[in-house]
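To start, the structure under review is shown below, and the notes come after it.
The values are calculated or read from the model by the stated rules, or taken from the named source; none is laboratory data. Please read all numbers here as calculations on a predicted model, not as lab measurements. Reconstructed Cβ throughout: ideal geometry from the backbone, glycine too, with neighbour counts over all protein chains shown. Keep in mind that these areas ignore ligands, DNA and RNA; they rest on the heavy atoms of the full protein, side chains included. Shrake-Rupley method; radii C 1.70, N 1.55, O 1.52, S 1.80 Å.
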Amino acid sequence: MDTDEKFELIKKNLIEIITEKELKEKLEHGDKMKGYLGFEPSGLAHLGWLIWMNKVKDLINAGVEFNLLEATWHAMINDKLGGNMELIRKAAKLTREVMKALDIPIEKIKFVDAEEMAQDKDYWALVIKVMKMTSLARMKRALTIMGRNMDEADLDTSKLIYPAMQVSDIIYMDLDLALGGLDQRKAHILAREVSEKINVKKPIALHTPILTSLDGGERMSFGEIDEQAASHKMSKSKPNTAIFVNDSENDIREKINNAYCPPKQAEFNPILEINKYLLFPRENFKLVLERPEKYGGTVVFESYEELEKAYVSGKIHPMDLKNATINSLIEMLGPVRKIFEKEETKELAKEIFKGVTR
């Protein structure tokens, strides 16, 4: 794979790269790049998580040495799963199993335990340094990375340490690439700024799209780009508006059939996004849309661009799009559902689900 091919593979399915120039320079120099993503083991994986999981696979295929931070401490600070560390650890291990079932090469991933980093005094020295270089107002604005608003720090000051920890994670691990959803932008920008000030490697930020909630999310006419992304994201805390990897075929049908899917509209359309970010990136994927002859007959789409153009022009009815998407999703998630057939895993999934919705 040459430099241009690696760049295109890394860029695939990203919303932005900060900056493309820096990435191209590293690729041209033939540098061995070290990448990372930090995730909170905060519940059962849903379709939104699959976007970053697939991106991890792309980066590994592009020759990136990838580190996946199981952010257990972060999840506890963020009150996920009731702050139950034992359950948070179990959720982290289950996420590995989900990735394996989705054909993500977990044997090529270095899994990093946040609890191990927290045992190093140098890590906490770095956290303090980041906090000393960041104003209170800036730190509070960054709380959106954890799905919180600024006022929540007034009730629980531990929330303020979260952005500093995330920035410190990136610097401490000596990373070239920091991968995350668009809602993580504030942390990545802060990490770049702090890195420059303390004269260490400045990470390149890779931002994946945020999958829209099945109910369409909250409509916003103002706000920063990462806040807008967070306002309509698929979330495990609203189980009826998200598709989980262990959902039954009937659950998938019901949720997709009830989903927001406005005619002739692509923006914030979760059904089109599922096709764009999850189905069409699969190797040799084609969307088969079956219809009676009187409604145009069966049509096969070989690219997302072709599908969106037909949908926006009104040539495809929302229900026909939903039916085709249902069939493809059921097939894609088949291998993952199998791991939840084990009684032990099924019970763990129930325990985690209770922890999320409690």
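Every residue, every condition in (1) of a type in the set (A, V, I, L, M); (2) within 18 Å of Ile256 (Cα to Cα), yes or no:
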{"position": "Leu307", "(1), (2)": "yes, yes"}
{"position": "Gly314", "(1), (2)": "no, no"}
{"position": "Ile330", "(1), (2)": "yes, yes"}
{"position": "Leu333", "(1), (2)": "yes, yes"}
{"position": "Ile339", "(1), (2)": "yes, no"}
{"position": "Glu343", "(1), (2)": "no, no"}
{"position": "Leu348", "(1), (2)": "yes, no"}
{"position": "Glu351", "(1), (2)": "no, no"}
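Across region 249-276, what is the total count of residues that are surrounded by 19 or more Cβ atoms within 10 Å (Cβ to Cβ), of a type in the set (A, V, I, L, M) and free of Cβ contacts under 8 Å to residues at least 60 places away in the same chain?
2
Looking at (1) touching an Asp or Glu at 6+ places or on another chain (Cβ under 6 Å); (2) on the phi > 0 side of the Ramachandran plot, find the lone condition where Gly63 falls short.
In the conditions (1) touching an Asp or Glu at 6+ places or on another chain (Cβ under 6 Å); (2) on the phi > 0 side of the Ramachandran plot, Gly63 misses (1) alone.
If you check Glu224 against the conditions, is it closer than 25 Å to Ile171 by Cβ and at pLDDT below 95?
Numbers: closer than 25 Å to Ile171 by Cβ: yes; at pLDDT below 95: yes.
Spelling it out, Glu224 is indeed closer than 25 Å to Ile171 by Cβ and at pLDDT below 95.
Is there any pair linking a residue in region 171-186 that is over 21 Å from Thr144 (Cβ atoms) and open to solvent by 10 Å² or more (accessible area, probe 1.4 Å) to one that is among the aromatic types (Phe, Trp, Tyr) and not in a loop (DSSP other than H, G, I, E, B), with Cβ under 7 Å and at least six apart or on different chains, and which?
Between residues of region 171-186 that are over 21 Å from Thr144 (Cβ atoms) and open to solvent by 10 Å² or more (accessible area, probe 1.4 Å) and residues that are among the aromatic types (Phe, Trp, Tyr) and not in a loop (DSSP other than H, G, I, E, B), the close pairs are Tyr172/Tyr123; Met173/Tyr36.
Could you list, ordered by first residue, the pairs with Cβ atoms under 6 Å in which the first is in region 35-51 and closer than 19 Å to Thr212 by Cβ and the second is surrounded by fewer than 23 Cβ atoms within 10 Å (Cβ to Cβ) and among the charged types (D, E, K, R), at least 6 apart or interchain?
Pairs that qualify, where the first residue is closer than 19 Å to Thr212 by Cβ and the partner is surrounded by fewer than 23 Cβ atoms within 10 Å (Cβ to Cβ) and among the charged types (D, E, K, R), are Gly43/Lys236; His46/Lys236.
What about Asn246, is it within 15 Å of Ile330 (Cβ to Cβ) and at pLDDT 95 or above?
On the way: within 15 Å of Ile330 (Cβ to Cβ): yes; at pLDDT 95 or above: no.
So Asn246 does not fit the description; no.
Could you please find all residues in region 106-140 being in contact (Cβ under 8 Å) with a residue 40 or more places away in the chain, more than 25 Å from Glu283 (Cα to Cα), in contact with a helix residue (DSSP H, G or I) (Cβ under 8 Å, 6 or more places away or on another chain) and aliphatic (A, V, I, L, M)?
Ala114, Met117, Ala118, Leu126, Val127, Val130, Met133
One line per residue, one yes/no per condition, for (1) of a type outside the set (D, E, K, R); (2) within 22 Å of Glu116 (Cβ to Cβ); (3) at pLDDT 95 or above; (4) more than 18 Å from the chain's Cα centre (by Cα):
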residue	(1), (2), (3), (4)
Leu155	yes, no, no, yes
Lys159	no, no, no, yes
Pro163	yes, yes, no, no
Leu177	yes, yes, yes, no
Leu182	yes, no, no, no
Asn199	yes, no, no, yes
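Just for region 106-144: of the residues that are surrounded by fewer than 17 Cβ atoms within 10 Å (Cβ to Cβ) and among the aromatic types (Phe, Trp, Tyr), which one is nearest to Ala164 (Cα to Cα)?
Trp124
Among all residue pairs at least 6 apart or on different chains, which show Cβ distances below 8 Å where the first residue, located in region 331-354, is polar (S, T, N, Q) and the second is assigned to a helix (DSSP H, G or I)?
Correct list of pairs: Thr345/Leu94; Thr345/Glu97; Thr345/Ile339.
Asp31 is checked against (1) touching a strand residue (DSSP E or B) at 6+ places or on another chain (Cβ under 8 Å); (2) closer than 26 Å to Ser168 by Cα and fails just one. What number does that condition carry?
Here Asp31 meets the rest and fails (1).
Take the residues in region 94-105 that are in a helix (DSSP H, G or I) and either more than 19 Å from the chain's Cα centre (by Cα) or touching a residue at least 40 places away in the same chain (Cβ under 8 Å) (or both); name whichever of them is surrounded by the most Cβ atoms within 10 Å (Cβ to Cβ). I'd like the intermediate steps shown before the answer.
Filtering region 94-105 for residues in a helix (DSSP H, G or I) gives 94-101.
The next check asks that each one be either more than 19 Å from the chain's Cα centre (by Cα) or touching a residue at least 40 places away in the same chain (Cβ under 8 Å) (or both); those that pass are 94-95, 97-99, 101.
Values: Leu94: 22, Thr95: 24, Glu97: 17, Val98: 22, Met99: 22, Ala101: 17.
Per the stated criteria, the residue is Thr95.
Out of Lys26, Lys32, Lys55, Lys6, which single residue is open to solvent by 60 Å² or more (accessible area, probe 1.4 Å) and assigned to a helix (DSSP H, G or I)?
Values: Lys26 fails: open to solvent by 60 Å² or more (accessible area, probe 1.4 Å); Lys32 fails: assigned to a helix (DSSP H, G or I); Lys55 fails: open to solvent by 60 Å² or more (accessible area, probe 1.4 Å).
Of Lys26, Lys32, Lys55, Lys6, the one residue that is open to solvent by 60 Å² or more (accessible area, probe 1.4 Å) and assigned to a helix (DSSP H, G or I) is Lys6.
Conditions: (1) open to solvent by 10 Å² or more (accessible area, probe 1.4 Å); (2) β-branched (Val, Ile, Thr); (3) at pLDDT below 95. Ile60 meets all but one. Number of the miss?
(3)
Could you please give the count of residues in region 191-220 that are open to solvent by less than 10 Å² (accessible area, probe 1.4 Å) and more than 30 Å from Ala259 (Cβ to Cβ)?
Counting residues in region 191-220 that are open to solvent by less than 10 Å² (accessible area, probe 1.4 Å) and more than 30 Å from Ala259 (Cβ to Cβ) gives 6.
Taking into account only those residues within region 111-148 that are aromatic (Phe, Trp, Tyr) and in a helix (DSSP H, G or I), which is nearest to Gly38 (Cα to Cα)? Show your work before the answer.
Let us first name the residues in region 111-148 that are aromatic (Phe, Trp, Tyr), namely 111, 123-124.
Right, trim to in a helix (DSSP H, G or I) and you get 123-124.
Details: Tyr123: 16, Trp124: 17 Å.
For region 111-148, the residue satisfying everything is Tyr123.
Give Lys90, Lys21 a once-over and let me know the one that is more than 18 Å from the chain's Cα centre (by Cα), surrounded by fewer than 18 Cβ atoms within 10 Å (Cβ to Cβ), modelled with pLDDT of 95 or more and not in a loop (DSSP other than H, G, I, E, B). Even if it seems obvious, please write down each step before you answer.
Values: Lys90 fails: modelled with pLDDT of 95 or more.
Result of the check over Lys90, Lys21: Lys21.
Quick one: in region 277-313, which of the residues that are among the basic types (Lys, Arg) and open to solvent by 100 Å² or more (accessible area, probe 1.4 Å) is farthest from the chain's Cα centre (by Cα)?
Initial filter on region 277-313 (among the basic types (Lys, Arg)): 282, 286, 291, 294, 309.
Narrowing further to those that are open to solvent by 100 Å² or more (accessible area, probe 1.4 Å): 286, 294, 309.
Numbers: Lys286: 24, Lys294: 40, Lys309: 26 Å.
Only one residue fits best here, namely Lys294.
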